[in-house]
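Take a look at the structure set out below.
The values are calculated or read from the model by the stated rules, or taken from the named source; none is laboratory data. Just so it is clear, the structure is predicted and the values come from calculations on it, not from any experiment. Reconstructed Cβ throughout: ideal geometry from the backbone, glycine too, with neighbour counts over all protein chains shown. Protein only, heavy atoms only, side chains kept; ligands, DNA and RNA dropped before computing areas. Shrake-Rupley method; radii C 1.70, N 1.55, O 1.52, S 1.80 Å.
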Amino acid sequence: MADKYTVWQNATVVAVRPVADGVQRIEFAPETHVPVKPGEHIDIEVTLGDRTDTRSYSIVDGSESGDRFALSVYRSPVSRGGAAHMHALQPGDQVRLTQPLQDFPLRVGAESYALVAGGVGITAMLGMARVLRALGADYTMHYVGSTRSRMAYLDELAAEHGDRLVPHITDEHGRMQVADLLASVPRHAELYMCGPIRLMQEVRRLWDRDDRDPTALRFETFGNSGWYESQPFVVEVPQYGAEVEVREDESMLEALERAGVDMMYDCRRGECGLCEVRILKLDGKVDHRDVFYSERQKEPNTKMCCCVSRVATEGARVVIEAS
Ligand code: FES
């Protein structure tokens, strides 16, 4: 299902530099100048071997006129291949990308805010924190990382936000307890988060357990972090007579499209549930990487969001019914 409202354009890479271990900041000069708002992202074409695909990245910051903006991309061990392409970009390179897209808007006017960023999820939060500071809002920004050297923009954030920034650095303070973090968040606060699936799932679980307002919990994910390393597996769709191998650097949705199966989708990030497939038979276990289903819905392994979730066992086979 293509999005007819997405506007693609050309852009030129104007600067690149590392901002943390494994994290590259890449600045672009887009053809069309649109000022960036907090929570926005772009989709960008990436080359994966002999094919072109798209990836989504949060916009870290942009100029007032919209003639420049920056992304920061982490190249993780479980990257689906797009990060390698992004890290190879150099000044002068031409790319195809969308104008800024908004799926994670900041609602202005709440009594209090908690921002929770894990790892490179900070890229979705920098702009929000800056706006909240400019508005004089009551906010706290929790930034979770394994080690200081892997936490992009940490020093800049500390200088900008002072005590409102609360770093949780595992190798300095031990593993953060999500329950303690949530206990510090006032009940009337809105919480915005972006980070690894484990962190977000735990925040969601405790948010529900504490019977907090579900509309006050907002999150964004790009579906590239899982519980297990990505492995190749086989998917079979009897209703289409199709069988295809899902490579480790592609999603099940991408593999099904490659096999000519007409699939429904929207976000391609594990958020909307539109790409749901029913699992008829599974040899192996599912690595649920979406934030659409609750834990209870995930547990029986009877359905999965095929844009991000995978079969965790190498060479395993899953038989599905596509909607
Ligand atoms: S397309 Fe939205 S969850 Fe897969």
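Before moving on, here are some points about what is shown:
- Contact annotation: residue pairs with Cβ atoms under 6 Å, 6 or more positions apart or on different chains, pairing a residue in the range 252-278 that is near the ligand (Cβ under 7 Å from one of its atoms) with a partner that is among the small types (G, A, S), are R269/G223; G270/G223.
- Among the candidates E257, E236, E248, the residue that is in a loop (DSSP other than H, G, I, E, B) and not aromatic (F, W, Y) is uniquely E248.
- Residue match in the range 286-306 (condition: over 15 Å from M263 (Cβ atoms), assigned to a strand (DSSP E or B), open to solvent by less than 10 Å² (accessible area, probe 1.4 Å) and touching a strand residue (DSSP E or B) at 6+ places or on another chain (Cβ under 9 Å)): yes
- Between E250, E314, E243, the distinction of being among the acidic types (D, E), farther than 25 Å from R218 by Cα and open to solvent by less than 20 Å² (accessible area, probe 1.4 Å) belongs to E250 only.
- For the range 49-92, residues that are of a type outside the set (F, W, Y), under 19 Å from the mean Cα position of the chain (by Cα) and closer than 24 Å to E229 by Cα total 20.
- Looking only at residues of the range 1-36 that are at pLDDT 95 or above and among the basic types (K, R), we find that the one that is farthest from S251 (Cα to Cα) is R17.
- For P100, the criteria (1) more than 18 Å from E40 (Cβ to Cβ); (2) open to solvent by 10 Å² or more (accessible area, probe 1.4 Å); (3) not polar (S, T, N, Q) hold in every case but one, which is (1).
- Here L199 meets the list (1) farther than 27 Å from R268 by Cα; (2) in a helix (DSSP H, G or I) almost entirely, failing just condition (1).
- Close pairs from the range 130-145: first polar (S, T, N, Q), partner open to solvent by less than 10 Å² (accessible area, probe 1.4 Å) and at pLDDT 95 or above, Cβ under 6 Å, at least 6 apart: T140/A114
- The condition of being in the same structural domain as H168 (by TED's automatic domain parsing) and touching a residue at least 60 places away in the same chain (Cβ under 8 Å) holds for only one of G92, G119, that being G119.
This table checks each residue for (1) open to solvent by 30 Å² or more (accessible area, probe 1.4 Å); (2) in contact with a helix residue (DSSP H, G or I) (Cβ under 9 Å, 6 or more places away or on another chain).
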residue	(1), (2)
R17	yes, no
R25	no, no
V34	yes, no
V46	no, yes
D53	no, yes
E64	yes, no
Y74	yes, yes
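- Taken over the range 252-285, the criterion of being among the β-branched types (V, I, T) and out of contact with any Ser or Thr (no Cβ under 6 Å at 6 or more places or on another chain) is satisfied by V261, V277.
- Any pair with Cβ under 6 angstrom, 6 or more apart, that starts in the range 63-86 at a residue that is of a type in the set (D, E) and ends at one that is at pLDDT 95 or above: D67/H33
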